[in-house]
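Student: Right, I'll just put the structure down here and ask away after.
The values are calculated or read from the model by the stated rules, or taken from the named source; none is laboratory data. What you see is a predicted model, and the numbers here were worked out from it, not measured in a lab. Cβ coordinates were reconstructed from backbone atoms using ideal geometry, including for glycine residues, and neighbour counts include every protein chain displayed.
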Amino acid sequence: MANRTTIIVHSGDMDKLYSALIVGNGSLAMGMECNLFFTFWGLQRLKKGGLEKGNLSKMNMLGLGKAMVKKMMRKQNVASLEKLMQDYKELGGRIIACEMTMEIMRIKKEDLRTDLIDEYGAVGTYVQQAKDSSITLFI
Amino acid sequence: MDCKGQTCPVPLVEARKAIRKAKPGDVIVITGTHPASKKEIPMAAEAAQVEVLEVKQDGEVWTIKLRR
C-alpha cells in the first residue's frame, strides 16, 4: 500500500472544500503523496474565480451563515481556501479534474484554472490512484 | 519560522515547507501557539526522517527545533 491519500471532492460547499484541502495538506505535511479528484459540484470550484464561491453545507441561510462563519474564521486566523490551495500545490499535491463532469456540465478547459490541474481523467484514473492509497475519502 | 497565532493546518504545512527547503545539517526553528501543531510537527519531522532536537513550551508559545 502506497503512502498516499486520494480524495474525491464531490461537494462544492465551502466547509467541505476546507475539509478536503486541510486533509490534503496534512497528508503532504506528514510525508504522503496526495491526489484530489474534483468532480461534480466540486469541479465548479476549480472554475476561474470559483474557489471561494461555495456555500455552507448547513445553515447557509442565503449566505448569512456563510458570512458569519467567514467572520469567525478570520477572527481565528484560519487560512483562506486560496492559500490552502497554493500550499497544497507547493508541497507537491496533485489535482485531477473529472472529464465526465466537464462533458455533462459543458465546462471547457479554458473555464478552469488549468495551472492547478495535473491531470484530466475519469473513474479509471481515480481507481488507479485509490487502489494504491492507504487513505481514500469521498467528500 | 514564526507561526504564532496561526491555526490548523498552517504551522504543520509551514514546517513541511521548511523541511523541504532545508539542506542536510540545517537547523529549523519553529515557534507557534496552536496546541495540536506542537504534537504534530515532531510527527511530520519523524516521517521525513528529520531529527527533533528540542520541543519547548514557554507560556502559550512553543518552540520546536529540528535538524535535517
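Student: Taking the stated definitions as given, is A:I7 among the aliphatic types (A, V, I, L, M), within 30 Å of B:K38 (Cβ to Cβ) and out of contact with any strand residue (DSSP E or B) (no Cβ under 7 Å at 6 or more places or on another chain)?
Tutor: Numbers: among the aliphatic types (A, V, I, L, M): yes; within 30 Å of B:K38 (Cβ to Cβ): yes; out of contact with any strand residue (DSSP E or B) (no Cβ under 7 Å at 6 or more places or on another chain): no.
In short, no.
Student: Related question: Quick check: is even one residue across the range B:48-66 within 10 Å of chain A (Cβ to nearest Cβ), among the charged types (D, E, K, R) and out of contact with any Phe, Trp or Tyr (no Cβ under 9 Å at 6 or more places or on another chain)?
Tutor: No, every residue in the range B:48-66 fails to be within 10 Å of chain A (Cβ to nearest Cβ), among the charged types (D, E, K, R) and out of contact with any Phe, Trp or Tyr (no Cβ under 9 Å at 6 or more places or on another chain).
Student: Checking A:F40 against (1) within 14 Å of A:Y18 (Cβ to Cβ); (2) surrounded by fewer than 17 Cβ atoms within 10 Å (Cβ to Cβ); (3) of a type outside the set (D, E, K, R); (4) touching a strand residue (DSSP E or B) at 6+ places or on another chain (Cβ under 9 Å), which test does it fail?
Tutor: If we test A:F40 against (1) within 14 Å of A:Y18 (Cβ to Cβ); (2) surrounded by fewer than 17 Cβ atoms within 10 Å (Cβ to Cβ); (3) of a type outside the set (D, E, K, R); (4) touching a strand residue (DSSP E or B) at 6+ places or on another chain (Cβ under 9 Å), just (1) comes out false.
Student: Also: Taking the range A:11-39 on its own, how many of its residues are assigned to a helix (DSSP H, G or I) and either touching a Cys at 6+ places or on another chain (Cβ under 7 Å) or aliphatic (A, V, I, L, M) (or both)? Don't jump to the end; show me each part of the working.
Tutor: Residues of the range A:11-39 assigned to a helix (DSSP H, G or I): A:14-29.
Next, from what is left, pick out any that are either touching a Cys at 6+ places or on another chain (Cβ under 7 Å) or aliphatic (A, V, I, L, M) (or both): A:14, A:17, A:20-24, A:27-29.
Of the residues in that region, 10 qualify.
Student: Further question on the same structure: Would you call A:K58 farther than 18 Å from A:G26 by Cβ and within 14 Å of chain B (Cβ to nearest Cβ)?
Tutor: Working: farther than 18 Å from A:G26 by Cβ: yes; within 14 Å of chain B (Cβ to nearest Cβ): no.
Here the answer is no, as A:K58 does not meet what is asked.
Student: Okay, moving on. Residue by residue through the range A:122-139, note down the ones that are in a helix (DSSP H, G or I), within 19 Å of A:S11 (Cβ to Cβ) and of a type in the set (S, T, Y).
Tutor: A:Y126
Student: Could you tell me whether any residue of the range A:56-69 is crowded, with 17+ Cβ neighbours inside 10 Å and under 30 Å from A:Q128 (Cβ atoms)?
Tutor: No: the range A:56-69 contains no residue that is crowded, with 17+ Cβ neighbours inside 10 Å and under 30 Å from A:Q128 (Cβ atoms).
Student: List the residue pairs whose Cβ atoms are under 6 Å apart, where the first residue sits in the range A:1-28 and is within 9 Å of A:G42 (Cβ to Cβ), the second is outside any strand (DSSP E or B) and aliphatic (A, V, I, L, M), and the two are 6 or more positions apart or on different chains.
Tutor: A:V9/A:A20; A:V9/A:I139; A:S11/A:I139; A:K16/A:I139; A:L17/A:L81; A:A20/A:I139
Student: So, in the range A:85-121, how many residues would count as being under 14 Å from the mean Cα position of the chain (by Cα), within 14 Å of chain B (Cβ to nearest Cβ) and not in a helix (DSSP H, G or I)?
Tutor: 1
Rundown of residues vs (1) over 28 Å from B:G5 (Cα atoms); (2) among the β-branched types (V, I, T); (3) at pLDDT 95 or above, yes/no style:
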{"position": "A:V9", "(1), (2), (3)": "yes, yes, yes"}
{"position": "A:D15", "(1), (2), (3)": "no, no, yes"}
{"position": "A:A20", "(1), (2), (3)": "no, no, yes"}
{"position": "A:G24", "(1), (2), (3)": "no, no, yes"}
{"position": "A:L28", "(1), (2), (3)": "no, no, yes"}
{"position": "A:C34", "(1), (2), (3)": "no, no, yes"}
{"position": "A:L43", "(1), (2), (3)": "yes, no, yes"}
{"position": "A:Q86", "(1), (2), (3)": "no, no, yes"}
